[in-house]
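Quick notes on the structure that follows.
The values are calculated or read from the model by the stated rules, or taken from the named source; none is laboratory data. It should be emphasised that the depicted structure is a prediction, and the values quoted were computed from it without experimental measurement. No Cβ is skipped: glycine too gets one built from the backbone with ideal geometry, and neighbour counts run over all protein chains shown.
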Amino acid sequence: MLNKNYDVIVVGAGFAGLTAARELSNKGHKTLILEGRDRMGGRTWVDHRMGKDLEMGGTYVHWFQPHIWAEIIRYNLEIKEVPTLNEAYWIANGELKTGTKDEMFGKIEEGMNIFLKDTMKYFPRPYDPFYEEDLVKEVDHLSVADRLREIRSEVSDEIYELLRAYWSTYFNTDDLEVPGLTQAYRWAALADNDWKMLEDIFELYKIKDGTKALIESIYDDSEADLQLSTPVSVIERMDEGYKVFTRGGQVFTATSVIAAIPINVINNIDFKPALLDEKHQISTEKQSSQGQKVWARVRGLTDTAVMAAPCEFPVNSAHVDTIDGDEGYLMGYISNAAKLDADNPAEVEELFRNWLPHIEVIECTGHNWVEDEFSQGAWPVLRKNQLTKYGKAVRESEEGLFLASSDYADGWAGFMDGAIESGLTTSKRVKEYLQRVKLNLV
Ligand SMILES: Cc1cc2nc3c(=O)[nH]c(=O)nc-3n(C[C@H](O)[C@H](O)[C@H](O)COP(=O)(O)OP(=O)(O)OC[C@H]3O[C@@H](n4cnc5c(N)ncnc54)[C@H](O)[C@@H]3O)c2cc1C
């Protein structure tokens, strides 16, 4: 059955897709969103488990992230801070060390200042990743592990282990040979090359009513039609516009299409004709994150705490999210989803006891974003060489077909802010395209 025409079909109801759909539909363009999952939000997901609304994916926000902050203000959403973390436990060279959070963070900052010292040389304008393209090309072949080796003699063993713990966390991988150093520099540049600021951005403030509140605000503010549980299988270019086929056998037509989907799943859709080679190649290589979060309801806490351990551990950083008496919730970042079963209390308890030997895990949970067919990875982290090899091509439109996502953002790529940025900039380009079609200029 051939359904009625749209100006734009947006594939994917994550932050990028919903933002683009809001912008276009509110300008009078007839817009349809087709979402594969039975919910909106994509790699953000508030799910009620273990007696609490838990953020299974993207969570933390900051005023250094202008696109999401503007949305938070626009919809009058409240922010809440994670509890002040007093104690710190970190593992370095197989030994458990304890101190205050300030002590541990002081050590990390000392190492990060050395690790990140050349950041601004490569990304003096953080929203223009190609501003110093020739210089960036010189270092894009380097991984985070390469940079760690370069500075090895300048930092103590303990700081080296803490740097490995934090880059494993930030880049959600246990193999630091893979993620590109340029992505580390890009994030640092956006935080004014101040590691403590970057850490605050990474995990200090959340939306009080959850990311769901912002997702719903954006959707409620749009005029777009939405169909959930509708995976798209084929996007075919016609003489005029596109045909979009769903797995369930529906066919929709539109003048323009935005595939607001992650890098890792581009190749799950059959594009006819094929996209630019680079787009398929990056999807085949995949971006490098391969982890997820683990949430644990625990007993036996003595105080709020932050924990760290190097790449060999399945969780490289964790903290107390809430505490009530000696009970509370811990949240940790698993750097390789295959290495820890987040739903197995015995495994999770054994892991957390590396730092807190007296705790008991009552129950635990997580969502495996790597096995999830609609993401096949967690937050986007480019591998070495991917920025300069594919970065420009993934931003290129092809006769009314556009990619949008945090994965292709100029600024906070990897964060919700980047998804909103990409939704906004892509919608502007689509508006211009529709205008050109109307004037018969295409
Ligand atoms: C564990 C985790 C922790 C994170 N922590 C943070 C954080 O604290 N702060 C932060 O800012 N960011 C964080 N992020 C990153 C952030 O969540 C993402 O960058 C952002 O949500 C991506 O939005 P998006 O719209 O680009 O992509 P997505 O949210 O992935 O949206 C893409 C949508 O497309 C749909 N889709 C895919 N294929 C198809 C298809 N064939 N047909 C139809 N629909 C399809 C998907 O179901 C999905 O809804 C985290 C992510 C994870 C996984």
Ser422 passes all but one of the listed conditions (1) within 13 Å of the ligand (Cβ to nearest atom); (2) at pLDDT below 95; (3) under 29 Å from Asp239 (Cα atoms); (4) not basic (Lys, Arg); the exception is number (2)
Is one or more of the residues making up the range 374-383 over 30 Å from Arg237 (Cβ atoms) and surrounded by fewer than 19 Cβ atoms within 10 Å (Cβ to Cβ)?
-> no
Looking only at strands (runs of 3 or more DSSP E) that fall completely inside the range 53-135, which ones have 3 or more residues that are touching a His at 6+ places or on another chain (Cβ under 7 Å) and in contact (Cβ under 8 Å) with a residue 60 or more places away in the chain?
-> none
Ile218 vs. criteria touching a Lys or Arg at 6+ places or on another chain (Cβ under 7 Å) and under 23 Å from Glu55 (Cα atoms) = yes
Look at Ala305 and say whether it is under 30 Å from Pro345 (Cα atoms) and among the small types (Gly, Ala, Ser).
-> yes
Select from the range 243-263 the residues that are more than 9 Å from the ligand (Cβ to nearest atom) and more than 12 Å from Val10 (Cα to Cα) and write down the one among them that is surrounded by the fewest Cβ atoms within 10 Å (Cβ to Cβ).
-> Gly249
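Results for (1) more than 16 Å from the ligand (Cβ to nearest atom); (2) over 21 Å from Gln435 (Cα atoms); (3) surrounded by fewer than 21 Cβ atoms within 10 Å (Cβ to Cβ), shown as yes or no for each residue.
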residue	(1), (2), (3)
Asn5	yes, no, yes
Asn26	yes, no, yes
Gly42	no, yes, no
Asp53	no, yes, yes
Gln65	no, yes, no
Pro83	yes, yes, yes
Glu87	yes, yes, yes
Out of the residues in the range 316-336 that are closer than 14 Å to Thr365 by Cβ and buried (at least 24 other Cβ atoms within 10 Å of the Cβ), state the one that is nearest to the ligand (Cβ to nearest atom).
-> Ile334
Look at the range 28-40 and say how many of its residues are within 14 Å of the ligand (Cβ to nearest atom) and either basic (Lys, Arg) or touching a Leu at 6+ places or on another chain (Cβ under 6 Å) (or both).
-> 5
Any residue in the range 160-172 that is within 20 Å of the chain's Cα centre (by Cα), outside any helix (DSSP H, G or I), farther than 17 Å from Thr388 by Cβ and touching a residue at least 12 places away in the same chain (Cβ under 8 Å)?
-> yes
Need at least 2 residues that are of a type in the set (Val, Ile, Thr) and at pLDDT 95 or above per element, so show me which strands (runs of 3 or more DSSP E) inside the range 295-385 make the cut, counting only ones lying wholly within it.
-> 315-324, 360-365
Among the candidates Phe123, Phe105, single out the residue that is crowded, with 19+ Cβ neighbours inside 10 Å, closer than 30 Å to Ser422 by Cβ and of a type outside the set (Ser, Thr, Tyr).
-> Phe123
Based on what the data block shows, is Asn267 outside any strand (DSSP E or B), within 14 Å of the ligand (Cβ to nearest atom), of a type outside the set (Val, Ile, Thr) and modelled with pLDDT of 95 or more?
-> yes
Identify the residue in the range 271-302 that is under 17 Å from Phe352 (Cα atoms) and among the basic types (Lys, Arg) and, among all such residues, is farthest from the ligand (Cβ to nearest atom).
-> Arg299
Only one of Glu216, Glu161, Glu177 that is surrounded by fewer than 21 Cβ atoms within 10 Å (Cβ to Cβ), in contact with a strand residue (DSSP E or B) (Cβ under 7 Å, 6 or more places away or on another chain), acidic (Asp, Glu) and within 24 Å of Gln292 (Cβ to Cβ) | Glu177
Filter the range 229-242 down to the residues that are under 26 Å from the mean Cα position of the chain (by Cα) and crowded, with 16+ Cβ neighbours inside 10 Å, then identify the one that is farthest from the ligand (Cβ to nearest atom).
-> Ile235
Do we find that Leu228 is aliphatic (A, V, I, L, M) and farther than 19 Å from Ala409 by Cβ in this structure?
-> yes
